[in-house]
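Heads up, the thing below is written out as structure tokens.
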Amino acid sequence: MASLSTDYVRWERRLTREIPFFTRIFSRNGATKILDAACGTGRHAARLAQEGYRVTGVDINTESLESARSHAEEQGAEVEFVEGSYLDLSRAAPGPFDALYSVGNALCFCSSADEVAQALRECRSVLRPGGVAIAQILNYVGIAERGERLDFVRPVVRDGVEQLVVKFFRFGEPFWDVEFVTLSQQEGTWEAELGGGTLLALEADTYRALWLDAGFESVELFGDYAGTPFDVHQARDAIAVAVTPA
């Protein structure tokens, strides 16, 4: 999935939308030493390093880490990338960090709410007093309510081959399936490749409560990276900004 995600994500558009949200929160909390939890291919980490932050990226996928290191080197960005998961952050990157962030709905690849709770306790353990965590998940209730099963249809060119990537959801309780269909055109015919995974469909109220139970002092929820207050009926995302006790 690492090479596919690099191809179909419109990175410059996404980073332009998301990075200013992070830097506003970091500035508000005096954060300079940052952890990217579940960093994937490291695009956010490299951009933040270019802006002067000291960034460490952690991911369990070795292929993604290889891509992240290559990208950071190409960009002249100094980022430390280490192998590890949400569930062992205190071993992989003990910190303490001023802030951490997680994007790509990563927490919802946990297998249960109990596992999410464990992950958030790990997040808490690597932050300094008064540290801040930012983590995005999907607003599952709102997406299901609006019937938005189709996430996107996106053309890409990969290794000189024209492709069409389709991402969609299969709603369930408490898990959703996320599925990718990649259509490749070769010699006038189309071939299909299937992929995907399972998501834990956390409701926003549960998500907020898990942060507080993990020892965070305050939790704000936003519906997008423009900083719009969370509305379960309108938002696509549920972005938590959680602060540890000082």
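The values are calculated or read from the model by the stated rules, or taken from the named source; none is laboratory data. Small disclaimer: the values here were computed from a predicted structure and weren't measured. Glycine also receives a Cβ, built like all others from the backbone with ideal geometry; neighbour counts cover every protein chain displayed.
Taken as a whole, the condition of being assigned to a loop (DSSP other than H, G, I, E, B), at pLDDT 95 or above and surrounded by fewer than 14 Cβ atoms within 10 Å (Cβ to Cβ) does not apply to Ala235. Exactly one residue out of Leu221, Leu150, Leu194, Leu164 is in the same structural domain as Ala106 (by TED's automatic domain parsing) and either touching a His at 6+ places or on another chain (Cβ under 6 Å) or not aromatic (Phe, Trp, Tyr) (or both), and it is Leu221.
The helices (runs of 4 or more DSSP H) found wholly in segment 88-192 and carrying at least 3 residues that are surrounded by fewer than 16 Cβ atoms within 10 Å (Cβ to Cβ) occupy 113-125.
Residues that are crowded, with 18+ Cβ neighbours inside 10 Å and either assigned to a loop (DSSP other than H, G, I, E, B) or touching a residue at least 24 places away in the same chain (Cβ under 8 Å) (or both) within segment 209-221 comprise Leu210, Trp211, Ala214, Phe216, listed in sequence order. The numbered conditions (1) out of contact with any Cys (no Cβ under 9 Å at 6 or more places or on another chain); (2) of a type in the set (A, V, I, L, M); (3) buried (at least 18 other Cβ atoms within 10 Å of the Cβ) are all true for Leu15 except (3).
Reported count of residues in segment 193-208, each being under 20 Å from Glu162 (Cα atoms) and surrounded by 13 or more Cβ atoms within 10 Å (Cβ to Cβ), is 1. Set side by side, the residues Ala68, Ala46, Ala72 differ, and just one is in contact with a Phe, Trp or Tyr (Cβ under 7 Å, 6 or more places away or on another chain), outside any strand (DSSP E or B), surrounded by 21 or more Cβ atoms within 10 Å (Cβ to Cβ) and assigned by TED's automatic domain parsing to the domain that holds Arg24, which is Ala68.
Restricting attention to segment 172-184, the residues being under 21 Å from the mean Cα position of the chain (by Cα), closer than 13 Å to Leu200 by Cβ and of a type outside the set (Val, Ile, Thr) number 4.
The numbered conditions (1) farther than 22 Å from Val232 by Cβ; (2) within 15 Å of the chain's Cα centre (by Cα) are all true for Gly131 except (2).
Looking at segment 49-65 only, could you name the residues that are of a type outside the set (Ser, Thr, Tyr) and either crowded, with 18+ Cβ neighbours inside 10 Å or closer than 23 Å to Phe109 by Cβ (or both)? Within segment 49-65, Ala49, Val55, Gly57, Val58, Asp59, Ile60, Asn61, Glu63, Leu65 qualify.
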